[in-house]
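**Student:** The structure is given below, and queries will be raised subsequently.
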Amino acid sequence: MAAAAGPKPVAIVTGANTGIGFYTAEELSGRGFHVILACRSLDRAANALEAAQLRGSAELKRLDLSSFASVQDFASSMDRPIDLLVCNAGLNSASANQEPEGQLSVDQVDVLYQTNYLSHFLLTLLLLPLLRRARGRVVNISSVVHRSASLDDFEITCKVRQPYVSLYGLSKLAQIVSSYALHARYGEEVSFHCVNPGGVASDIWRSYAGWQQKVFSAILISPATAASTVVAACTTTDGAAPAKPRYWNGYLGADRSALLEFWSPFPARERLVESQPAQDHQDPKLAEQLWLQSLAEIRAAGVEVNLP
């Protein structure tokens, strides 16, 4: 997907004020996209926009993925075809509130699960008419951790857990499974893919001890390097609709062993290394179950979803 003459193609990047999202927005701008930085904090986003080496046009819009209302407000503000939606923003287990009173969002969904998956799913649905007009593409930033997720945890996405049980792996599994569900319904006009960047020395580790962050910085790829793989997934002609969902990786060798999906000595950079997600997670029955559960959880919060 290359920028052509005429109006600039539009790319939305969630969580674009830092980490992989920041460098993805920067590189997409350099490739001729009009980039919308969708961030929870407009102040941090404004600072990021000032620091970014943008070679094209960009704008800021507020998006709080822990709130369905914020997602609706963001989607309603869009009125032009959307070529690219990069679902990047997210929490990890260390950055999520593990106290009983802080586990659920105002929509009564686990905050981590909603931020990483369910609000991005709602955002995708709300933007589908604009994505279809552009024959656009949705790219989710997933994780190899999806392989360790328990399907039983789908029963606790709206429950307080004592002791705390992280739904990080489940949220990343849901991103992948929902790509198949969306493709089955809308794949002729919009493509849906996932990128597992592997281990990245990004801000997602900011809640860890300082010495741990230094170790991660020494051995893991940088956010800029990871972003180069994300941008490749966003722009490759192989990913254009009606392409089936792909699962690309940030490290070379990931296509030969799942053990190398988190780390190998060689980053993939612009090379797209495809592997297969966990086999049971490609089950059409699971995709249908997740589709129905996701819609039910969104509607239980009072959000009316009119499917395109």
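Read the figures in this text as sums done on the coordinates, not as results from a lab. These figures come from a predicted structure and were not determined experimentally. Cβ coordinates were reconstructed from backbone atoms using ideal geometry, including for glycine residues, and neighbour counts include every protein chain displayed.
**Student:** Please order C39, C194, C158 by the number of other Cβ within 10 Å, starting at the fewest.
**Tutor:** C158, C194, C39
**Student:** Let me ask something else. Which of the trypsin sites (Lys or Arg not before Pro) found in the range 1-87 are loop residues per DSSP with 13 or fewer other Cβ atoms within 10 Å of their Cβ?
**Tutor:** Sites meeting the loop and neighbour criteria: R55.
**Student:** Then there's this: Could the peptides 83-94, 201-212 be put in order, highest first, of the mean number of other beta-carbon atoms found within 10 Å of their residues?
**Tutor:** The densest-packed peptide leads the list: 83-94, 201-212.
**Student:** Also, I was wondering about something else. Give the aspartates and glutamates reachable from K8 as a straight Cα distance under 17 Å; neighbours fewer than 8 places away on the same chain don't count.
**Tutor:** K8 reaches E26, E27, E59, D79, D83.
**Student:** For the range 10-300, what is the relative contact order in percent, using Cα pairs closer than 8 Å and at least 6 residues apart in sequence?
**Tutor:** Rounded, it is 17 percent for the range 10-300.
**Student:** Give the range of the longest stretch in the chain that excludes all GluC sites (Glu not before Pro) found in loop regions by DSSP and having at most 16 other beta-carbon atoms within 10 Å.
**Tutor:** After excluding every exposed loop site, the longest remaining stretch is 1-187.
**Student:** Separate question: Of L118, Y23, N92, which is farthest along the charge dipole of the range 10-300 in the positive direction, counting Lys and Arg as +1 and Asp and Glu as -1 at C-beta?
**Tutor:** Selected residue: Y23.
**Student:** What's the exposure ranking of T18, T24, T115, going from fewest to most Cβ atoms within 10 Å?
**Tutor:** Going from least to most buried by this count: T18, T115, T24.
**Student:** Something else about it: Taking the DSSP beta bridges in the range 10-300 as the whole, what percent of them are antiparallel, to the nearest 5?
**Tutor:** Antiparallel: roughly 15 percent of the beta bridges in the range 10-300.
**Student:** Counting pairs on different chains as well as pairs 8 or more places apart, how many Lys pairs in the range 10-300 have Cα atoms under 30 Å apart?
**Tutor:** Final tally of qualifying lysine pairs is 7.
**Student:** Grab the alpha carbons of the range 10-300, take their convex hull, and tell me the volume per residue in Å³.
**Tutor:** 124
**Student:** Let me ask another. Normalised by the residues of the range 199-308, what does the relative contact order come to in percent, with Cα pairs under 8 Å and at least six apart?
**Tutor:** With pairs under 8 Å counted, the relative contact order is 20 percent.
**Student:** Taking the beta-carbon count within 10 Å as an exposure proxy, list K172, K159 from fewest neighbours to most.
**Tutor:** Lowest count first: K159, K172.
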